[in-house]
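Asker: Take a look at the following structure, please.
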Amino acid sequence: MVRLKFKENDIYALEIKNINEKYDGRYIIIIKCSIDGWNDNINKRLFRFKITKDKKIPKLEELDDLEYIITHFQHELNKYFPGEGVPFEELRKKRDKIKVYPDKYGYLYTCISGIYFVNKDIPNNIMYIGNKKLKLPKHEYIPFTEYGYKCDFRLWNKIVERLVEKYEDYNLGKSKWFTEEGAKVVKKARLYDIGATIECDNLCNYLKEKGILDKLFEDEEEIEDSLTYVGGEDEDPFEE
């Protein structure tokens, strides 16, 4: 079993095998990264990935020329989520000042990804290339929270296959969402979420004005105290 202690800017390579003739023999480049302000437990699991152009393991000085793999996309309207617990209109004024770089479909791209069980079943054929701070992806969208809004892999197994799929779908634009019709569906879903958020804000304001909101939670402490735990030991839903 391979055991590694991933350090910031450590770079590894994994050979692509048994995918198809187009990709077999090329390499996925694995770059350890972190995001300032994010939870340490999340940061220790974060990586970005690149893909080689040919079947040679690149040298450190060649890595900046390789393409990052886009692992997650979202509509530019996602910059209004999460809501930070403030009314939507207040949040909108704040977030409108933040520059984002959507593509022709209105999508923002993220390359950072998490591996949940980062130290479990690391592939035996992983190869260390070196440690170097690479240029960051151009116009990468960093979500406002580390929880959600990015790609998360559960384990290392099948990660190469999934990264090739994402490269095809997102970098090469082969996903069904990279069409005018697909983009309309994604945008409609985001607008629905925003509308629901505004309606919720309006409802809360109404309940506050009528003095109803406080009454709804008058018995909250009593209810919590009356709950009795009767189950056994919790199980980790991610464990096999």
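Asker: Which of the residues spanning the stretch 147-167 are under 24 Å from Lys104 (Cβ atoms) and either open to solvent by 40 Å² or more (accessible area, probe 1.4 Å) or assigned to a strand (DSSP E or B) (or both)?
Answerer: Tyr149, Cys151, Glu165
Asker: Could you tell me how many of the residues in the stretch 21-46 are out of contact with any Lys or Arg (no Cβ under 6 Å at 6 or more places or on another chain), within 17 Å of Ile122 (Cβ to Cβ) and either without any contact (Cβ under 8 Å) to a residue 24 or more places away in the chain or part of a strand (DSSP E or B) (or both)?
Answerer: 5
Asker: A follow-up question, please. Between a first residue in the stretch 196-214 that is within 14 Å of Glu90 (Cα to Cα) and a second residue that is open to solvent by 50 Å² or more (accessible area, probe 1.4 Å), which pairs have beta carbons less than 7 Å apart while being 6 or more apart in sequence or on different chains?
Answerer: Pairs that qualify, where the first residue is within 14 Å of Glu90 (Cα to Cα) and the partner is open to solvent by 50 Å² or more (accessible area, probe 1.4 Å), are Asp201/Pro87.
Asker: Let me ask another. What is the number of the single condition among (1) of a type in the set (Ser, Thr, Tyr); (2) over 19 Å from Leu155 (Cα atoms); (3) open to solvent by 80 Å² or more (accessible area, probe 1.4 Å) that Tyr116 does not meet?
Answerer: (2)
Asker: Let me ask something else about it. Against the definition (within 30 Å of Asp193 (Cβ to Cβ), open to solvent by 50 Å² or more (accessible area, probe 1.4 Å) and in contact (Cβ under 8 Å) with a residue 24 or more places away in the chain), how does Glu76 come out, yes or no? Explain how you work it out, then say what you get.
Answerer: Details: within 30 Å of Asp193 (Cβ to Cβ): yes; open to solvent by 50 Å² or more (accessible area, probe 1.4 Å): yes; in contact (Cβ under 8 Å) with a residue 24 or more places away in the chain: yes.
Yes: the conditions hold for Glu76.
Asker: Restricting attention to the stretch 176-205, which residues are aromatic (Phe, Trp, Tyr) and either over 14 Å from His75 (Cβ atoms) or open to solvent by 100 Å² or more (accessible area, probe 1.4 Å) (or both)?
Answerer: Just the residues of the stretch 176-205 that are aromatic (Phe, Trp, Tyr), to begin with: 177-178, 192.
Scanning the stretch 176-205 gives a single hit, Tyr192.
Asker: Search the stretch 50-73 for residues being over 29 Å from Thr197 (Cβ atoms) and touching a Ser or Thr at 6+ places or on another chain (Cβ under 7 Å), and hand back the single one that is surrounded by the fewest Cβ atoms within 10 Å (Cβ to Cβ). Explain how you work it out, then say what you get.
Answerer: To start, the set of residues in the stretch 50-73 that are over 29 Å from Thr197 (Cβ atoms) comprises 50-69.
Among the residues that remain, those that are also touching a Ser or Thr at 6+ places or on another chain (Cβ under 7 Å) are: 58, 66.
On the way: Pro58: 19, Leu66: 16.
Within the stretch 50-73, the match that is surrounded by the fewest Cβ atoms within 10 Å (Cβ to Cβ) is Leu66.
The values are calculated or read from the model by the stated rules, or taken from the named source; none is laboratory data. Computed from a predicted structure; not experimentally measured. For neighbour counting, all protein chains shown are included, and Cβ atoms are generated from backbone atoms with ideal geometry for every residue, glycine included. Heads up: the accessible areas ignore ligands, DNA and RNA and are worked out on the full protein's heavy atoms, side chains in. Shrake-Rupley method; radii C 1.70, N 1.55, O 1.52, S 1.80 Å.
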